[in-house]
Protein chains: 2
Amino acid sequence: MQMNRSTRRTRNVITINDVARLAGVSPMTVSRVVNDEKNVRESTREAVLLAVRELNYVPNLAARNLASAEHVRIGVIYSNPSAAYLSEFLVGVLDESAGKGAELLLVKCEASNPDAERISVQRLIDSAVTGVVLPPPLSESDTVREALQAAGIATVGVATGRFRSDLSCVRVDDRAAAEDMTRYLLDLGHRRIGFIKGHPNQTASAERLTGFRAALRHAPDAKAEVVQGYFTFPSGLEAAERLLDAEVRPTAIFASNDDMAAAVVSVAHRRGLDVPRDLTVVGFDDTSISTTLWPALTTVRQPVSAMAAAAIDLLLRETRAAKDGRTPEPTDVIVPHTLVERQSSSPPRPA
Amino acid sequence: MQMNRSTRRTRNVITINDVARLAGVSPMTVSRVVNDEKNVRESTREAVLLAVRELNYVPNLAARNLASAEHVRIGVIYSNPSAAYLSEFLVGVLDESAGKGAELLLVKCEASNPDAERISVQRLIDSAVTGVVLPPPLSESDTVREALQAAGIATVGVATGRFRSDLSCVRVDDRAAAEDMTRYLLDLGHRRIGFIKGHPNQTASAERLTGFRAALRHAPDAKAEVVQGYFTFPSGLEAAERLLDAEVRPTAIFASNDDMAAAVVSVAHRRGLDVPRDLTVVGFDDTSISTTLWPALTTVRQPVSAMAAAAIDLLLRETRAAKDGRTPEPTDVIVPHTLVERQSSSPPRPA
DNA sequence: CTGAACTCTGATAGCGCTAACCTCGCCTGC
DNA sequence: GCAGGCGAGGTTAGCGCTATCAGAGTTCAG
């Protein structure tokens, strides 16, 4: 009762063979053109590309994978970084792995205790992943790193504060970024600057503080006040209270992340201080809170999507190398950060 | 100079054949067991499952796809919903489509004007997607919907305020959710309640207002004050000022989303009002801002991940139906919302 | 006790693509 | 003039899985 099909399923999608037929070449040549390989005459290449466009041919990733790639399955363990971070991160991961034809496996790590982390890692191992990408803060978890290394799974950490010789990572230079931001504050004319440290269990915290101190060394007339924070909004509230209680108030406060910077703004407002006229507040990370608040925060932006993509790329290279028998040295990829100037910073009010 | 491999590439991954050999059955039977098909004797099934566990076998998605699925490529156009929303959404989309072996294609729609939207849609069409999932606010864009319909691409909208007969959608019942929240406020004892409307170009705004009004009808002694907002933080600031300027202040304010609720808290604090003792503030959406603020917001939570997954599932069913020649009626999937009680709400202070 | 129907399982043939090998023609050097 | 090399293709053989169909065995009505 149906029209009789040549073979089993209906396929009305155009394949590499259709293109080959139209272009008058073999499928292999089409494959070469599509994959941008050499050893194809220019005229042939053009003919193929014409046919590709004509038919609106899009390669079947599944088939390409099956035929070429060595079954790459990439695991991502995410705990709870800011949602804004995660979404950008996922977009980067997705774009890159879709293009490279890698299979993705997301695993959520509910709590940040060793047991939960081990369970998450185990789930990935059970799923036979070939590599794992770790966004922060898991990229600095010893438990996770050790478990993966023990299982012999290639791993790339994203946004670790420092490079360590046993883990490839993609990161911005936290120290330089903090130094840039501090110099920006000094250039605006600030000489009393408060700094809120990040959580001590993340190396980025120390790096940012180091950068801050380094910049100040070039301005001997500047005074700094450093207080502890823990990357959370409440810890920022407390730190801000402490900084603003000083007998001589700072004219600028540099918080180690945006959440704490937002808390500083909140405290300033409650004390009747105008931001930025009475107090400049700057953050770090450029998460969504920096633009949903008023005034929008001046902060340091990391190219999260690009970093995630770079991590996938690095991971693919490492697994490929491992398959060839080589044991690649861990790589340290540093991507450029940018200083985003918004409305929460200005020169200090003249005394 | 290398060891001589039987055929081309090295494959050290265990396949369905390994399992079949160990279990002493044919690969086809293993496939049946793994895919949970019937017509397999219980003893056989157990033997296979044992072998699967023994070898830690995980099916190769690419191969499964190539052999079975009809080349499903799902497009997602995201513009800029809150990052928190997007990340949850992406997690849901990824989990579901990875499981179903669908290829994913993300496209960002930079601006929210018809031209940018048309370009995004065109990119998807050029990539030969078989279906598209639209997160808000694009799920309510006429431009996008019409362009996709014209191209004959199956589409599912997520979190549209209402069901419309030409587009399948997955959503919560905004009206009922707003009604629930309002009833919650009434139950706490509030009788003067301010409401901040959402952007008029989204149907959810009207639905939420309708729900609010419906709940109030059961409390004739309650007084409501409704002002316009636009889902943004600044618009929330303005709306809050207006509500709190009234000669008799409301004891509770229900903002149509969390950003505006956050703005209300900000204004309240600036006026020296304690939240929730002097003013209860509740939001809608449960985005990350609701927990990064102090006090954390009582709000309505949508199961975003589950909705995204449901959308993918629905889309797959529709494309499959379309392939069989059937033209499926658009479906309206309503998922349950939940009221999340946090610290921004309490009974009104006794007069 | 036979044919029909149904259950379980295996053999075969690809899905769309590419790795590895092969062929053919042309150029180069001696 | 011929070995050797190289560039531009084609040929073959799968990648790991499943649709399809063809049995073999089993059940059951008549």
* **Test set (1) under 23 Å from the mean Cα position of the chain (by Cα); (2) more than 10 Å from chain B (Cβ to nearest Cβ); (3) within 16 Å of DNA strand C (Cβ to nearest atom) - residue A:39 fails condition number** => (1)
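For the stretch A:322-342, what are the residues that are out of contact with any strand residue (DSSP E or B) (no Cβ under 9 Å at 6 or more places or on another chain) and either of a type outside the set (S, T, N, Q) or within 11 Å of another protein chain (Cβ to nearest Cβ) (or both)?
A:323, A:324, A:325, A:326
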* Selected residue [surrounded by 16 or more Cβ atoms within 10 Å (Cβ to Cβ), under 25 Å from the mean Cα position of the chain (by Cα) and within 26 Å of residue A:236 (Cβ to Cβ)] from B:280, B:299 -> B:299
* Any residue at all in the stretch A:72-88 that is under 14 Å from residue A:316 (Cα atoms) and modelled with pLDDT under 90? -> yes
* Structure fact -> By residue number, the members of the stretch A:19-31 that are within 8 Å of DNA strand C (Cβ to nearest atom) and surrounded by 17 or more Cβ atoms within 10 Å (Cβ to Cβ) are A:19, A:30, A:31
* Identify the single condition in (1) more than 14 Å from every other protein chain (Cβ to nearest Cβ); (2) assigned to a loop (DSSP other than H, G, I, E, B) that residue B:29 does not satisfy, given that it satisfies every other one. => (2)
* Structure fact -> Selection over the stretch B:87-113 where residues are over 24 Å from residue A:124 (Cβ atoms) and away from DNA strand C (no atom under 16 Å from the Cβ) yields a count of 7
* First in the stretch B:287-310 and within 10 Å of chain A (Cβ to nearest Cβ), second anywhere and among the basic types (Lys, Arg), Cβ under 6 Å, 6 or more apart -> B:296/B:342
* Asked: In the stretch B:79-92, what residues are facing chain A (nearest Cβ under 9 Å) and either surrounded by fewer than 21 Cβ atoms within 10 Å (Cβ to Cβ) or within 13 Å of residue B:311 (Cα to Cα) (or both)?
  -> B:89, B:90, B:91
* To do: Filter the stretch A:102-128 down to the residues that are within 20 Å of the chain's Cα centre (by Cα) and within 12 Å of chain B (Cβ to nearest Cβ), then identify the one that is surrounded by the fewest Cβ atoms within 10 Å (Cβ to Cβ).
  => A:108
* Structure fact -> residue B:331 meets each of (1) under 13 Å from the mean Cα position of the chain (by Cα); (2) among the hydroxyl-bearing types (Ser, Thr, Tyr); (3) open to solvent by 50 Å² or more (accessible area, probe 1.4 Å) with one exception, condition (1)
* Looking at this structure, is residue B:229 outside any loop (DSSP other than H, G, I, E, B) and either closer than 23 Å to residue B:184 by Cα or open to solvent by less than 30 Å² (accessible area, probe 1.4 Å) (or both)? -> no
* Structure fact -> Across (1) under 26 Å from residue A:130 (Cα atoms); (2) within 10 Å of DNA strand D (Cβ to nearest atom), residue B:37 clears everything bar (1)
* To do: Identify all residues within the stretch B:49-77 that are within 14 Å of DNA strand D (Cβ to nearest atom), over 13 Å from residue B:16 (Cα atoms), open to solvent by less than 60 Å² (accessible area, probe 1.4 Å) and not in a helix (DSSP H, G or I); write none if there are none.
  => B:69, B:70, B:71, B:72
* Does residue A:306 qualify as being modelled with pLDDT under 95, surrounded by fewer than 17 Cβ atoms within 10 Å (Cβ to Cβ) and in contact with a helix residue (DSSP H, G or I) (Cβ under 7 Å, 6 or more places away or on another chain)? -> yes
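The values are calculated or read from the model by the stated rules, or taken from the named source; none is laboratory data. Please read these numbers as outputs of a predicted model, since none were measured by experiment. Methodologically, a virtual Cβ is constructed for each residue, glycine included, from the backbone with ideal geometry; neighbour enumeration extends over all protein chains shown. Each accessible area value is taken on the protein alone, full model and side chains, heavy atoms only, with ligands, DNA and RNA left out. Shrake-Rupley method; radii C 1.70, N 1.55, O 1.52, S 1.80 Å.
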